[in-house]
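Trainee: Handing you this structure, nothing more for now.
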Amino acid sequence: MYQTCIHCKKPLGANEVIETFPVGRRLAFDSAKGRLWVVCRKCQRWNLTPLEERWEAVEDCERLFRDTPMRASTENIGLARHREGLDLVRIGEPPRGEFAAWRYGDQFGTRLRKQLVWAGSMGGCLLVGASGVISVSVVAGSAIAIGVYPVLAWEYLRPVVKVRLEGIADGGPAAPDQVARFNRHRLRSIRLLPDDDEPGFSVEVSRGTRKARIPGEGARRVAAALLPHVNGGGGSRISVQRAVNEIEAEGHAGRFTTHAVRLGYRDWRGRSGNIASFPRSTRLALEMALHEEQERRALEGELWLLEQAWKEAEEIAAISDSLLLPAGTDEFFERHGEEAGT
């Protein structure tokens, strides 16, 4: 039984309430469709369980939900907190907008609050440093800068995303040189480019003058892993609703992804496909659409994809990172890239 978040690679925790599924501190379930998710308390994202026989766990969740007095619910979605601290989210048949508000509202809202706190704390430190230079002494201002700038460097240079690129279905363990690491600085160079093959786009990453292009299933997996960090600023419930509307306008999550990539949004240098140049609501919609497409494929009989994703998450979590520079970067570009033309 897997115990690591597919998305952030952090432990999901445990519970002693659902004996048939003792993983997680918040479980979401749909009794009618037999779906069970573990909600990561770190990143707030939902991990669909790859259990082919999960009806017993879903039935236990349903029974416990009905027996728990602490409940808040709408017509379609309910929340109950067991006295042991386990949260249960019961899904009925909500429209996409209501379901998205429950599923994505917490994680996007949490990111937004963290971003505001981070920006406020850094701005406060710099303001204090500036006032120290003016009214106290150059030494005081320099002392603040010595404390702030290493923090900023660490924040932007440390690896924040780890994605296994090869051996997706070989069943073997992930070697360190098979795991691409992306820091926050490199995220802004990621591009989504149209591609005629499945899933309709490829991912281009850059390091200096070197570029690597990842097509096919690898592109889908890399984009799904990177977008939450590109969307690190999160969004309000209004932004979530706008993202839902964009997906609904195309009628299907997969069609929306292809459509958004082919719109060709350009950055300040005129390059098309740079993720950072997409409107905020479109970036949020892309993140939602990629995750929904992954679950759709799993629920249509490709559960092995989810099993591989959970195994990969635990393998990657076990691989140690260097503090600042991503390990294996050169091997990654040797395998996937070529020298960029001038």
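The values are calculated or read from the model by the stated rules, or taken from the named source; none is laboratory data. As the structure is a computational prediction, the values presented were derived from the model and not from experiment. Cβ coordinates were reconstructed from backbone atoms using ideal geometry, including for glycine residues, and neighbour counts include every protein chain displayed.
Trainee: How about the stretch 232-263: which of its residues are in contact (Cβ under 8 Å) with a residue 24 or more places away in the chain and among the charged types (D, E, K, R)?
Mentor: Arg237, Arg242, Glu246, Glu248, Arg262
Trainee: With respect to Glu16, determine if the residue is farther than 30 Å from Asn231 by Cβ and part of a loop (DSSP other than H, G, I, E, B).
Mentor: The answer is yes for Glu16.
To keep it simple, each residue is scored yes or no on (1) outside the structural domain of Ser73 (by TED's automatic domain parsing); (2) of a type in the set (Ser, Thr, Tyr); (3) at pLDDT below 90; (4) in contact with a helix residue (DSSP H, G or I) (Cβ under 6 Å, 6 or more places away or on another chain).
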position	(1), (2), (3), (4)
His7	yes, no, yes, no
Lys10	yes, no, yes, no
Asn15	yes, no, no, no
Ile18	yes, no, no, yes
Asp30	no, no, no, no
Lys33	no, no, yes, no
Trp37	no, no, no, no
Cys43	no, no, yes, no
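Trainee: Can you go through Phe65, Phe29, Phe99 and tell me which one is buried (at least 21 other Cβ atoms within 10 Å of the Cβ) and of a type outside the set (Ser, Thr, Tyr)?
Mentor: Phe29
Trainee: Which residue, of Ala32, Ala57, Ala72, Ala80, is small (Gly, Ala, Ser), more than 23 Å from the chain's Cα centre (by Cα) and part of a loop (DSSP other than H, G, I, E, B)?
Mentor: So the residue among Ala32, Ala57, Ala72, Ala80 that is small (Gly, Ala, Ser), more than 23 Å from the chain's Cα centre (by Cα) and part of a loop (DSSP other than H, G, I, E, B) is Ala32.
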